[in-house]
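Below is one structure, written out as structure tokens; comments come after it.
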Amino acid sequence: MSDDCAEKTVETELEIEGRKVKVRAQMERQLPPWGKTTLVGKSLRRVDGPDKVTGAARYTHDVQLPGMLYGKVLRSPHARARVAELGLSAAAKLPGVLAVLGPGDVRGVRLGGREVLSAEASYAGEEIAALAATDEETAEEALSLIRVRWEPLPHVLEPEDAMAPGAPALQPGGNVLGGGFGPQTPGKPEVYERGDAPAALEAAEVTLERIYETPAAQHACLETHGAVAAWDGDGLTVWESTQGVFFVRSALCEALGLPASRVRVLCPFMGGGFGSKNSADRYTLLAALLARRSGRPVRMVLSRREDFEAGAYRPASRQQLAIGLTRRGRIVALTSRAVNPVGSALEGHYFGSCVGPVQDFYSCANVRTENYAILTSSPPPSAFRAPGHVQGAFALEQLVDEAADELGLDPVRLRLANLSANDPDSGLPYASNGLASCLRLGAKAIGWDSRKPPRTKTGRFRSGLGVAIATWGAGGGPPAVAQIVLHEDGSVVVLTGACDLGTGTRTVMTQIAAEELGVAVSAVLVANGDTRTTPYCLPSFGSLTVASTGPAVRLAAAEVKRQLLDAASPILGAPASSLLVMRGKVRHAVTGKSVAVASIAASLPARMIVGTSQRGPNPDGVVLASFSAQFAQVEVDCRFGTVRVKRFVSAHDCGRVLNPATWSSQIQGGVLQGIGYALLEQRTRDPGTGRQLNAGLLDYKIPTVLDSPPEIEVIDAAPPYPANNIGAKGSGEPPIIPVAAAIANAVANATGRRLRTAPITPARLLAALSAEP
Amino acid sequence: MRARLAGFSLERPGTLDEALGMLAASKERLTLLAGGTDLYVYLNAGVARPGRWLDLWGLDELRGIHEVGDHVVLGALTTYTELRASELIRGALPLLAQAAATVGAVAIQNRGTLGGNIANGSPAGDSLPPLLAYDAEIGLRSARGRRFVPFDRFYTGYRASVAAPDELIEQIRIPLGAGSSSRACRFVKVGTRAAQAISKVVAAFVLGRAGDGTVDHCRAAFGSVAPTPVRLRRLEQHVIGKRIDPALIRTSSDVLLSEIAPIDDIRSTARYRRFVARTAWQRFMEEVPGL
């Protein structure tokens, strides 16, 4: 490393998907905050936009290799069953089939503590056998030739049944686990406590206790999960639609016993992950194993149906919350008992927890949460955009509104009065906190002062306003390494391991590098997502990509600039400290004498300048979080029970906005995804077989643009953020957290009825309005 | 594609006569392919019927929207896009244009055809209630000749029709006055979301009144509430000769509920469908212009 501060390392903390992680970090060179910027903060068009709209961008689905085979998986049709007999020979004999694998062929190849092919299915959709053939149709036909004799076993789909006495034990330790990323506490719930919540509830002037329920919701990424694997001798190359190439690599190395040097994982472009593509999955390993067996590259891309059935979803929840307040509206106690059915959750993966908001949204001295993760005969869930907080906010942010109604207080004021100056859990101050501004600016934009109580509303169409908030750990942190190469002609390559999920990572990194280096955007190319050529970073998850990799890119650019000015100094006959880079030229600050960047690079013995830097530690003694307040205006059609979101305002503090256009897009996308969660989306299954009934976009409805309000107004309410050198926090997950609660609160304001179960379907709303025949 | 294509063959007749000849000569029942917006979905889901497929898409004889005498005649291959764009349809048969606008997305509307919607026979087909409400007749053609079947007698059960194996749908014929602007009309589609959703309930209503204000013409047609699209004849008879008032709206709603038989399925429940069907009818009646 060519950093000034090399060698010295410290321990630092970062928060990923709601969990705090300690890592070692190397101290970084301190760069002053940018003054006036020319590129950062501007709505630069996406640098890869033309490639995407012309089809030149190559996604995993587009990868075609000579001799490539098509891999397919046989999945269990039963929610729980043992494979008594597996007949693979007819499939293997079909012309065109070049490799067939059953559980016996891949014994010991494991992922998340489980075999990649199972002789005992724990859910409908579990992988039992895999094969590869010269074309997709032959592979499908071969699947139909596999003979399985099943011995069905008793299954449980619902958590209440899994917790009931006498329920079949789905694993030896029983069906109850603590939640979070786990398993945390086998046999017991995960308990969090500060103060004495039961006593404070008992003593509170006003208490409310309510139950809220949320559905299992699915990611529905435009690009389904998939991988293409090819061997070259002992070396394995895998194209994977993933959020993190390095996590995929380590999963492959661990499962297959390969050194990292021999495994190359690539993902230059990908079509959405939302937490479901944080690492390798079984299809990745099966593609690699089938490719090894057949000696040919294998493409294993899930069909839309498989994408729904194979797992990855936001687990459902049932949350029993209680709140204690003073008559004047001060929150004195909060409790939550949350049950999350987590299917056949994989070790070390997301297990489901939704008690975070109760712990960290409000200043409250007495909090107790009890989180149960319950094993069921269902596919494994995964992280999904703000895992846990979306479910938790739906409950807490309605309960706070219900308390406001009970006390006759304004919901915005009640929230403002209970915001916490410091992180309620640790007591440490936030590095920056714009939540109150989010509430104030958002309320103004939606016209909160015109909000009227439900009793004033009559007629078929009733309008209502609702609010909800979010707090989310999104400060990013190490490890994240960036390397910048200035070539002899003055062109620049930025190398980063970060995958661009479609959020604009490549564009924003271009802006940071070009800003710091003083070169044109057109001179910069960002190459990313390749474990062989780009340096290490965490996956693009936990709203951390910009706040982790961004500072590393700025440091690497500063390092290249330092070397560039040193090289320019003798040419211009002036000390490096008197020089600056502007519009592709190194210029003397006073005399204006200049030399082109290209001619400096070409004059160097190495013909290039390389700068490599890594993200330093987060500051100690402060908590890093992004904040949001959202406001929904809905119109309820009391005769059809439908809800139209007429306006939506989303106010955010995520530090400096590097590119307003890509930032607003990300927020609007989060809001739209939240509207789906609030009003449309839920997995439905056949209780007899456990098979999903709406496994596909035909029947699992995500919102279209016609379901969106005409405008989703995005407000930047950020105070300056000093905790990293680009001043930015994450904004990927906060936009979805409060949406469903804001809509439910608006529906309650419109109708006077409280919908405590999501999604708010017409049938549920009509039942609440007692309008059913 | 989930289906193995080896089991399928596709033939592409150049003229209508050639197509009719192939139908007449074939021992097995041929699958007729128009825009493919249903059949390709079945193919992809692995549930398409293997065998010989006849691609009708190139038969220009089956295209076009014309005024012929006192009828509007639509070729079976008329697409939803053509229905939306046609001045004749928008003016004379507006429910058909409105229904066409709610089918799938633009790409589907460019390929999907009126004849295909009829032949597919889904009870949720969006263009079917307007055809019922407009007294459409289906022109069936075979090498043996041509015959017209009133659309409300076309289906014999769930996805089953009177069309013989050697017949194809050539045209749809609708009386010009069916959508007369002196009559009130409405198309209602209720899906899970605002667009690109299969209907939970779809309906088309046409209502005319005499000079004294009594109802002298009524058509109430529904989809997704029975095994086939249905005209509610008892409901229609119930309101004929009466004035629209709250009592009639109430009593006719009871008739409506007795005449439909929706089911629970993945898209909705029988209970919600009954409620929505009734509410759609009530709203239409309440909002008939001039009340």
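Let me check against my output: what whole-number percent is the relative contact order of chain A, with C-alpha pairs under 8 Å and at least 6 apart?
Computed over chain A, the figure is 17 percent.
Compute the separation of the alpha-carbon centres of the stretch B:133-167 and the stretch A:86-128 and state it in Å as a whole number.
About 50 Å separates the Cα centre of the stretch B:133-167 from the one of the stretch A:86-128.
Just report the Cα centroid separation between the stretch A:614-669 and the stretch B:1-54, whole Å.
Using only Cα atoms to place each centre, the spacing works out to 50 Å.
Given 0.36 nm per residue, what is the gain on full extension from residue A:533 to residue A:327 after removing their alpha carbon distance, in nm?
68.0 nm
Can you compute the modelled spin-label distance between residue A:51 and residue A:11, with each label point 7 Å from Cα toward Cβ, in nm?
Modelled inter-label distance: 4.1 nm.
Residue A:120 to residue A:566: extension gain in nm, 0.36 nm per residue of separation minus the Cα-Cα distance?
154.0 nm
Give the share of C-alpha pairs in each 10 angstrom bin for chain A, from 0 to the last occupied bin, in whole percents, shortest bins first.
Using 10 Å bins, I get a P(r) of 3, 14, 23, 24, 19, 12, 5, 1, 0 for chain A.
Work out the FRET efficiency for residue B:160 and residue B:214 from their Cβ-Cβ distance, taking R0 = 45 Å, and round it to the nearest 0.05.
Details: r = 38 Å, r/R0 = 0.84.
With a Förster radius of 45 Å, E is 0.75.
If you take each beta carbon of peptide B:188-196 and count the beta carbons of other chains within 10 angstrom, what is the mean?
Going residue by residue through B:188-196 and averaging, the value is 5.
Dipole of the protein assembly as shown (Lys/Arg Cβ +1, Asp/Glu Cβ -1, origin at the Cα centre): which of A:204, A:131, B:218 lies farthest to the positive side?
B:218
Have a look at A:37, A:549, A:609 and report the one farthest towards the positive end of the charge dipole of chain A, computed about the Cα centre with Cβ charges (Lys/Arg +1, Asp/Glu -1).
Result: A:37.
When only DSSP loop residues count, what trypsin sites (Lys or Arg not before Pro) in the stretch A:301-358 have their Cβ near at most 13 other Cβ atoms within 10 Å?
When the trypsin sites (Lys or Arg not before Pro) of the stretch A:301-358 are filtered for loop state and at most 13 Cβ neighbours within 10 Å, A:327, A:328 remain.
How much accessible area per residue does the stretch A:683-729 have, in Å², with a 1.4 Å probe? Before the final figure, lay out each step's value.
Values: 2060 Å² over 47 residues.
Each residue of the stretch A:683-729 exposes 44 Å² on average to a 1.4 Å probe.
Rounded to the nearest 0.05, what FRET efficiency do residue A:320 and residue B:264 have when you use their Cβ-Cβ distance and R0 = 22 Å?
0.15
Starting from the stretch B:145-206, pick out the chymotrypsin sites (Phe, Trp or Tyr not before Pro) whose DSSP state is loop and whose Cβ has at most 12 other Cβ atoms within 10 Å.
Working: sites: B:148, B:151, B:154, B:155, B:158, B:187, B:205; in loops: B:154, B:158.
Here the chymotrypsin sites (Phe, Trp or Tyr not before Pro) that fit, given the DSSP loop and packing criteria, are B:158.
For the stretch A:341-375 and the stretch A:482-509, write down the distance between their C-alpha centroids in whole Å.
So the separation of the two Cα centres works out to 37 Å.
Please work out how much length the chain gains when fully extended from residue B:245 to residue B:105, using 0.36 nm per residue of separation minus the C-alpha to C-alpha distance, in nm with one decimal.
Gain on extension, residue B:245 to residue B:105, equals 46.5 nm.
Where the only charges are on Cβ atoms (+1 Lys, Arg; -1 Asp, Glu), what is the dipole of the protein assembly as shown about its Cα centre, to the nearest 20 debye?
Approximately 1200 debye in magnitude.
Treating the beta-carbon of each Lys and Arg as +1 and of each Asp and Glu as -1, no other charges, what is the dipole magnitude of the stretch B:184-286 about its Cα centre, to the nearest 20 debye? Mind dumping the intermediate values first?
On the way: 18 positive and 9 negative charges, 54 e Å.
About 260 debye.
Carbon-plus-sulfur fraction of the accessible area of the stretch B:5-54, 1.4 Å probe, in percent?
Looking at the stretch B:5-54 in its full context, I get 56 percent from C and S.
What residue among B:262, B:229, B:160 has its Cα farthest toward the positive end of the dipole of the stretch B:152-284, where the charges are +1 on Lys, Arg and -1 on Asp, Glu, each on the Cβ?
About the Cα centre, the residue reaching furthest to the positive side is B:262.
Nearest 20 debye, what's the magnitude of the dipole of the stretch B:5-54 about its Cα centre given +1 on Lys and Arg Cβ and -1 on Asp and Glu Cβ?
It works out to roughly 160 debye.
Quick one: grab the alpha carbon gyration tensor of the stretch B:184-286, order the square roots of its eigenvalues as a ≥ b ≥ c, and give me rounded if a/c is under 1.5, else prolate or oblate depending on whether a/b is larger than b/c.
prolate
The values are calculated or read from the model by the stated rules, or taken from the named source; none is laboratory data. All values derive from a computational prediction rather than experimental measurement. Heads up, the Cβs are rebuilt from the backbone with ideal geometry, glycines too, and the neighbour counts pull from every protein chain shown. Accessible surface areas use protein heavy atoms only, side chains included; no ligands, DNA or RNA. Shrake-Rupley method; radii C 1.70, N 1.55, O 1.52, S 1.80 Å.
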